[in-house]
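The values are calculated or read from the model by the stated rules, or taken from the named source; none is laboratory data. The shown structure was predicted, so the numbers you read here are calculated from the model rather than taken from an experiment. With ideal geometry, Cβ positions are generated from the backbone for all residues, glycine too; neighbour counts draw on all protein chains shown. Side chains included, ligands, DNA and RNA excluded: accessible areas come from the protein's heavy atoms. Shrake-Rupley method; radii C 1.70, N 1.55, O 1.52, S 1.80 Å.
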Amino acid sequence: DMTRAVRYLDEAMKDPEQKKEALSFKLYALKTTLKTRQDSLNYSDQLKGLVNDNLDNEVIIDGLYSMYDGLKMRKEQKELLEGILAKNPNNFVALADMGIMHMGENDANAAIPFLRKAVAVKNDNVSVLYYLGTCLSISAQDEKTNAADKKSMYKEAIDVFDKCKQIDPDQLQIK
C-alpha cells in the first residue's frame with residue numbers, strides 16, 4: 001500500500017547516504033498514483049518545492065519538466081530551466097531539456113547552444129548527442145545558412161553521429 005511505502009521512504013530519506021535514491025523512488029511511486037489533472041498539478045507543486053534544495057537531483061528536475069510538458073505549461077517549463085541554469089549554468093539536465101524544448105518548438109538554431117553545452121558537461125549521453133547531431137543537420141539545411149557554415153555544421157553533425165555509433169553501436173539507446 002502506498003501510504004506505508006511513502007512512510008518507509010520518508011524514513012530512508014533521513015539517512016544522508018540514502019536520501020537521494022529514496023527521494024527519487026518516492027517521487028516515482030507517487031507519480032504512479034496520478035489520475036486527474038488536479039493530481040498532476042498538486043504533484044508538480046510538490047516537485048517545484050523540492051527543486052531549489054535538490055539542484056543536483058536529475059529525477060526531480062526532469063520530473064517537473066516532464067510534468068509541465070504533459071500539462072502543456074510551457075511558460076513554467078521555460079522558467080524552471082532558466083532558474084536552474086541561473087543557479088548552475090552547467091546543469092546537464094537543464095541544458096539538455098532546454099535544448100529539447102527548443103527542438104519541440106522547431107527551433108534547431110536555438111537548441112544547438114544548449115545541446116552543445118550539455119554535451120560538454122556529459123559527453124557520453126547518446127540521446128543528447130543524437131539530438132545535437134539532428135539539430136546541426138537541420139540548421140545546415142536552412143537556406144539562410146551560408147555555405148561555409150553549412151559545411152562546418154554537417155562535419156560537426158557527422159562527428160557527433162559517429163560518437164553516437166561509438167558509444168551505442170547497436171543503437172539501443174536511441175530507438
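Report in % the part of the accessible area of the stretch 14-88 that belongs to carbon and sulfur, leaving out ligands and nucleic acids; probe 1.4 Å.
50 percent
Of the GluC sites (Glu not before Pro) in the stretch 1-89, which ones lie in a loop per DSSP and count no more than 11 other C-beta atoms within 10 Å? Please list the in-between numbers first.
Working: sites: 11, 17, 21, 58, 76, 79, 82; in loops: 17.
In loop regions of the stretch 1-89 (DSSP not H, G, I, E or B), the sparsely surrounded GluC sites (Glu not before Pro) are 17.
Can you pick out the pairs among 87/117; 75/122; 26/175; 78/165; 20/175 whose Cα atoms lie more than 20 Å from each other?
Pairs exceeding the cut-off: 75/122; 26/175; 78/165; 20/175.
Starting from 0.36 nm per residue, how many nanometres of slack lie between residue 158 and residue 45 once their C-alpha separation is accounted for?
Roughly 36.5 nm would be gained on extension.
Compute, for the stretch 1-64, the length of the dipole vector about the Cα centre, with Cβ point charges of +1 (Lys, Arg) and -1 (Asp, Glu) only. Units Debye, rounded to 20.
With only Lys, Arg, Asp and Glu charged at Cβ, the dipole is about 300 debye.
Taking all protein chains in place and a 1.4 Å probe, what share, in percent, of the accessible surface of the stretch 89-144 do carbon and sulfur account for?
Ligands and nucleic acids excluded, carbon and sulfur give 48 percent.
Given a 1.4 Å probe, how much area per residue of the chain is accessible, in Å²? Walk me through the intermediate numbers first.
On the way: 10640 Å² over 175 residues.
Ligands and nucleic acids excluded, the result is 61 Å² per residue.
Add +1 for every Lys or Arg and -1 for every Asp or Glu among the other residues with Cβ under 13 Å from the Cβ of residue 136, and state the total.
Net local charge, residue 136 excluded: 0.
Placing +1 on the Cβ of each Lys and Arg and -1 on the Cβ of each Asp and Glu in the chain, which of 22, 40, 65 has its Cα farthest towards the positive end of the resulting dipole?
40
Hey, how many Å between the Cα centroid of the stretch 59-91 and the Cα centroid of the stretch 103-165?
22 Å
Listed highest first by mean packing, meaning other Cβ atoms within 10 Å per residue, what order do 34-43, 122-131 come in?
The packing order, highest mean first, is 122-131, 34-43.
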